[in-house]
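The next block holds one structure in the form of structure tokens; read it before the comments.
The values are calculated or read from the model by the stated rules, or taken from the named source; none is laboratory data. On a predicted model such as this, the values are computed, not experimentally measured, just so you know. Positions of Cβ are backbone-derived with ideal geometry, glycine not excepted, and every protein chain shown enters the neighbour counts.
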Amino acid sequence: MRVIVGLVIHESNSFNPDFTSLDQFRLLVGAEVFNRPDYYQNSSLAGIIKVFSRYGVEIIPTVVALPTSQGGIVTKEAYLRIKGLLLEQIGGIDRSYDGICLALHGSMTVEGIGDGEGDLLRAIRTMVGDQITIACALDMHAMVTAKMLASANALVSYRTAPHVDKIETGARTAEILYDSLINKYQLYTAGVEIPFLVSGEKSESAKSPMRELFGEISKTDQKPGILASSYCLGFPWVDVEFNKCSALVVSSGDRTLAELEAKKLAVKFFEKRAEFNFTTSAYPFEEAIQIAQAEKEYPVFVIDSGDNPGAGGSQNIVNTLEYLYHAGIKDTLYCVIADQTAYQKCVEKGVNSEITLNLGRRIAGNTIIQEKLVQFTGQIKSLGSYRDLSAAVLDLNGLDLIISTRKIVLTEPEFILALGLDPRDYQIVVLKSGYLDPNFKPYARRVMLGISPGYTYQLLERLPYKNVRRPVYPLEEISVNDLKLIRWEENNE
């Protein structure tokens, strides 16, 4: 048995005006995929490769395209280059193959094209024909489209937020594909769209209502003929027509069964729509800081949620930093402002030097009102690096600021520790993030979500959506009649 594998990941934020270009992707092509498994060691592709290796399947690598962090929508040029490389690899395979297993995100939006995964899967299907089975592992925040369902036989998404089951999802997807090839049956995925916008900060999997909804997923999986079921929650910070949640069910070829069970899951989700609230105590950012100052046990982690690089934020919005600086808030660590130029100036000045920097963007809601004109003066405390990322620590009179050379999704405390800092030494730690990564939880005595301005602004009802198909909850009320099967022939995007 021979199976083609690959990975193309991007979660695109259309409110961030900075496009994602090719140089913001780490690319591996062909045999390079096997030479650098460290690039994707915590991805669905790692699970896919593990399963096929165990079964002795010949694995044919194509492309790994992994962003250094999420950002604005992908440039057409970058996407076409990645797509071209993938198709070139598939087209260059000189012997027959049995299936294709991909790790995708599901919310990659491309300049001038829109639905990145739909376009990519459609191109692959056109190249390989209808007889090759295609299975894809998706992020839990995928926006599942008719193009995706028309081109892939199986779509399977993560079941945890924060996403700690990426490898397991890849493995589950590979198992489904392998079994269908060995036992020679068709795979069919049904999808039902749920017109609903929700952030990850209101849908952590270990908390209600997602905890109960994933219980329904587990029950569905146990039914005869069902191979996998999923909830995909869409991505709220992209303004496209096809943005929505969905319920997916993969069956062993039984279209009627898959559609029936997907409808049932969609109704369960619909019934709990009013139960989605912040799963962490949430306050306006300034109020969260005031509460944190009054706490007796520390550190208190306050999340700067409006500028979350893991959801496409720019990590250089300084409204919250400016508040802390001018309010004289001390004993606080602020992570991170991404600014290559500012870091370079720190290097040139050297440790213990005083420096004045113009940093970042000031923003209202999710609109820039001032760029790179906000001035801060402090002393350079240290310079350091973690893996391939360099950073400077600036002491702003008791407020320690980390300035990095590029964006970093804050999932590893080791980044902070490598700079000679320990979160436990501060009363307050401010992270530009979404829900707190599990790796940071041992450090935090309390966690609060700070509602702050930025491209990942949490108050979705206030965002200027122009293209999302209406009605959509919570912008408007919806009815059970708005839950519809996603079908290519009915929704020719």
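Being assigned to a helix (DSSP H, G or I), of a type outside the set (D, E), surrounded by 14 or more Cβ atoms within 10 Å (Cβ to Cβ) and in contact (Cβ under 8 Å) with a residue 40 or more places away in the chain: is that true of C335 here? Let's see the steps before the verdict.
Numbers: assigned to a helix (DSSP H, G or I): no; of a type outside the set (D, E): yes; surrounded by 14 or more Cβ atoms within 10 Å (Cβ to Cβ): yes; in contact (Cβ under 8 Å) with a residue 40 or more places away in the chain: yes.
Taking the combined requirement at face value, the residue does not satisfy it.
The residues of segment 350-406 that are basic (K, R) and either part of a strand (DSSP E or B) or surrounded by fewer than 16 Cβ atoms within 10 Å (Cβ to Cβ) (or both), listed by number, are R361, R362, K372, K381, R387. Candidates are the residues of segment 135-167 that are of a type in the set (A, V, I, L, M, F, W, C) and under 11 Å from S44 (Cα atoms); the one that is surrounded by the most Cβ atoms within 10 Å (Cβ to Cβ) is A137.
Restricting attention to segment 103-116, the residues that are in contact with a strand residue (DSSP E or B) (Cβ under 6 Å, 6 or more places away or on another chain) and closer than 16 Å to G84 by Cβ add up to 3. From the set of residues in segment 180-191 that are out of contact with any strand residue (DSSP E or B) (no Cβ under 7 Å at 6 or more places or on another chain) and closer than 13 Å to V250 by Cα, which is surrounded by the most Cβ atoms within 10 Å (Cβ to Cβ)? Filtering segment 180-191 for residues that are out of contact with any strand residue (DSSP E or B) (no Cβ under 7 Å at 6 or more places or on another chain) and closer than 13 Å to V250 by Cα, the one surrounded by the most Cβ atoms within 10 Å (Cβ to Cβ) comes out as Y185.
Taking segment 463-488 as the search range and keeping residues that are part of a loop (DSSP other than H, G, I, E, B) and aliphatic (A, V, I, L, M), which one is farthest from A146 (Cα to Cα)? Walk me through how you get there before you give the answer.
Within segment 463-488, the first condition is being part of a loop (DSSP other than H, G, I, E, B), and the residues that meet it are 463-472, 474-479, 483, 486-487.
From the residues that got through so far, the ones that are aliphatic (A, V, I, L, M) too are 463, 468, 472, 475, 478, 483, 486.
Values: L463: 26, V468: 16, V472: 18, L475: 23, I478: 21, L483: 14, I486: 6 Å.
So, considering only residues that are part of a loop (DSSP other than H, G, I, E, B) and aliphatic (A, V, I, L, M), the one farthest from A146 (Cα to Cα) is L463.
Across segment 194-234, the number of residues qualifying as more than 12 Å from V249 (Cα to Cα), of a type outside the set (A, V, I, L, M) and in contact with a strand residue (DSSP E or B) (Cβ under 8 Å, 6 or more places away or on another chain) comes to 5.
Pairing each residue of segment 353-372 that is in the same structural domain as Y325 (by TED's automatic domain parsing) with any residue that is at pLDDT 95 or above and basic (K, R), provided the two are 6+ apart or on different chains, yields C-beta distances under 7 Å for I355/K345; I355/K349; L357/K345. Of a type outside the set (G, A, S), at pLDDT 95 or above and either farther than 19 Å from F196 by Cα or within 24 Å of the chain's Cα centre (by Cα) (or both): is that true of I132 in this structure? Here the answer is yes, as I132 does meet what is asked.
Residues checked against (1) farther than 28 Å from G72 by Cβ; (2) assigned by TED's automatic domain parsing to the domain that holds G200; (3) touching a helix residue (DSSP H, G or I) at 6+ places or on another chain (Cβ under 8 Å); (4) among the acidic types (D, E):
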{"position": "F376", "(1), (2), (3), (4)": "no, no, yes, no"}
{"position": "L383", "(1), (2), (3), (4)": "yes, no, yes, no"}
{"position": "D388", "(1), (2), (3), (4)": "no, no, no, yes"}
{"position": "D400", "(1), (2), (3), (4)": "yes, no, no, yes"}
{"position": "I416", "(1), (2), (3), (4)": "no, no, yes, no"}
{"position": "Y443", "(1), (2), (3), (4)": "yes, no, yes, no"}
{"position": "R446", "(1), (2), (3), (4)": "yes, no, yes, no"}
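Taking the criterion of being surrounded by fewer than 19 Cβ atoms within 10 Å (Cβ to Cβ), in contact (Cβ under 8 Å) with a residue 24 or more places away in the chain and either part of a loop (DSSP other than H, G, I, E, B) or out of contact with any strand residue (DSSP E or B) (no Cβ under 8 Å at 6 or more places or on another chain) (or both), the residues of segment 287-300 that qualify are E295, E297.
I'm trying to understand the selection: among the residues of segment 167-218, which are hydroxyl-bearing (S, T, Y) and in contact (Cβ under 8 Å) with a residue 40 or more places away in the chain? Break it down stepwise before answering.
Just the residues of segment 167-218 that are hydroxyl-bearing (S, T, Y), to begin with: 169, 173, 178, 180, 185, 188-189, 199, 203, 205, 208, 218.
T169, T173, Y178, S180, Y185, Y188, T189, S199, S203, S205, S208, listed by residue number.
Here E193 meets the list (1) outside any helix (DSSP H, G or I); (2) closer than 30 Å to I317 by Cα; (3) under 21 Å from the mean Cα position of the chain (by Cα) almost entirely, failing just condition (2).
Being assigned to a helix (DSSP H, G or I), over 30 Å from S14 (Cα atoms) and not assigned by TED's automatic domain parsing to the domain that holds S12: is that true of I329 here? Working first, answer last.
On the way: assigned to a helix (DSSP H, G or I): no; over 30 Å from S14 (Cα atoms): yes; not assigned by TED's automatic domain parsing to the domain that holds S12: yes.
No, not satisfied.
Condition check for G234 on (1) in contact with a Leu (Cβ under 7 Å, 6 or more places away or on another chain); (2) within 28 Å of R445 (Cβ to Cβ); (3) in a loop (DSSP other than H, G, I, E, B): one failure, at (2).
Scan segment 272-286 residue by residue and report those that are of a type in the set (S, T, N, Q) and crowded, with 17+ Cβ neighbours inside 10 Å. Give the derivation first.
Kept after step one, since they are of a type in the set (S, T, N, Q), are these residues of segment 272-286: 277, 279-281.
Result: T279, T280.
Okay, residues lined up against (1) more than 17 Å from I134 (Cβ to Cβ); (2) crowded, with 24+ Cβ neighbours inside 10 Å; (3) outside the structural domain of I48 (by TED's automatic domain parsing); (4) touching an Asp or Glu at 6+ places or on another chain (Cβ under 7 Å):
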site	(1), (2), (3), (4)
L177	no, yes, no, no
L213	yes, no, no, no
D221	yes, no, no, no
I226	yes, no, no, yes
F235	yes, yes, no, yes
V240	yes, no, no, no
N243	yes, yes, no, no
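With respect to D115, determine if the residue is out of contact with any Ser or Thr (no Cβ under 6 Å at 6 or more places or on another chain) and either touching a residue at least 12 places away in the same chain (Cβ under 8 Å) or buried (at least 24 other Cβ atoms within 10 Å of the Cβ) (or both). Before the answer, list the steps.
Numbers: out of contact with any Ser or Thr (no Cβ under 6 Å at 6 or more places or on another chain): no; either touching a residue at least 12 places away in the same chain (Cβ under 8 Å) or buried (at least 24 other Cβ atoms within 10 Å of the Cβ) (or both): yes.
It is false that D115 is out of contact with any Ser or Thr (no Cβ under 6 Å at 6 or more places or on another chain) and either touching a residue at least 12 places away in the same chain (Cβ under 8 Å) or buried (at least 24 other Cβ atoms within 10 Å of the Cβ) (or both).
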